[in-house]
Amino acid sequence: MLKLSQMTGVVVYAPKGSKGKAAGTYTRLGKVHLTVFAPSGTRVVGFLVSRPDVAGMVKRDDVFFALDAMAPVDGGVRATMGDESFDDAARRRLGLDWDSCIIWAGMDAKTTNGKILGYVNDAEFNTKTGEVTTFMVGDGSMAQQLVGSVVIPANMVRGYEKGYMLVAPEAAGMELSGGVAAKAGESYAKAKYEGKKAAAKAGKVAGEAVDAGSRALGKQLGRTKGMFSSFMDEFKKAQE
């Protein structure tokens with residue numbers, strides 16, 4: 001099992017496929033910064049990898065890196081399926097409806113009967129299958145650091161709706177990862193959400209920005225497939 005937070009910042013290496021390059025050699029591609037979930041919302045399918053800016057100034061597009069093409073290597077992880085590890089080739093191979101894929105990190109979570117629980121800050125998943133076992137929900141405050149996040153089993157997730165992760169009403173009664181009783185955890189989540197609205201405007205705005213960008217980013221990636229399909233050509237040219 002692995003957590004999203006453990007993958008953030010991990011270095012990704014891609015194979016050198018140009019002529020004259022030794023087989024089995026790799027070069028640094030970038031670092032993982034977001035995790036992509038299947039439309040069901042309960043299975044990790046891959047990661048978005050940020051690459052260094054060109055000459056330190058020109059922003060480069062993120063690269064989609066499939067989970068099933070990932071293997072550990074000293075200092076990070078490497079791609080194991082060549083071109084099919086990345087972008088359009090990986091999406092086609094996995095049969096992904098890219099427009100419907102979700103980035104949960106930073107998205108607010110609420111029960112189907114409208115109770116706000118905070119926002120998704122982590123999840124634990126099986127590295128072989130991508131299946132999520134639990135999501136962690138909190139508000140990022142000092143209190144959360146002391147008592148932990150609300151831990152929600154993946155089978156309580158009901159899907160995505162208008163910028164929210166929807167979960168079963170029973171999720172409001174789950175215990176905090178720090179061991180606080182379920183009832184106290186519910187009061188904690190409610191109080192901290194109200195506090196975020198009233199006294200932590202900057203934090204709320206930041207949370208909303210990430211939330212608004214989550215689903216929108218997935219849609220944007222789907223609309224701009226061409227930008228991603230050219231990655232391997234660009235990458236190979238750089239290795240010649």
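Within the bounds of the range 67-74, is there any residue that is more than 16 Å from L34 (Cα to Cα), among the small types (G, A, S) and in the same structural domain as M7 (by TED's automatic domain parsing)?
yes
So in the range 122-133, with the set limited to residues that are surrounded by fewer than 22 Cβ atoms within 10 Å (Cβ to Cβ) and not in a loop (DSSP other than H, G, I, E, B), which one is modelled with the lowest pLDDT?
Going through the qualifying residues, I end up with D122.
Tell me, which residue of the range 81-101 that is in a helix (DSSP H, G or I) and in contact with a Gly (Cβ under 6 Å, 6 or more places away or on another chain) is surrounded by the fewest Cβ atoms within 10 Å (Cβ to Cβ)?
This residue is D99.
Just give me the residues in the range 1-26 being farther than 24 Å from V167 by Cβ, out of contact with any His (no Cβ under 9 Å at 6 or more places or on another chain) and either at pLDDT 90 or above or in a strand (DSSP E or B) (or both), in sequence order.
Selection gives V10, V11, V12, Y13, A14, P15, Y26.
Report yes if G95 is more than 30 Å from E170 (Cβ to Cβ) and free of Cβ contacts under 8 Å to residues at least 40 places away in the same chain, otherwise no.
So G95 fits the description; yes.
Restricting to the range 27-60, what's the tally of residues that are surrounded by fewer than 17 Cβ atoms within 10 Å (Cβ to Cβ), assigned to a loop (DSSP other than H, G, I, E, B) and of a type in the set (D, E, K, R)?
Residues in the range 27-60 being surrounded by fewer than 17 Cβ atoms within 10 Å (Cβ to Cβ), assigned to a loop (DSSP other than H, G, I, E, B) and of a type in the set (D, E, K, R): 3 in total.
The values are calculated or read from the model by the stated rules, or taken from the named source; none is laboratory data. Predicted model only: the values in this text are computed from it and were never measured. Cβ coordinates were reconstructed from backbone atoms using ideal geometry, including for glycine residues, and neighbour counts include every protein chain displayed.
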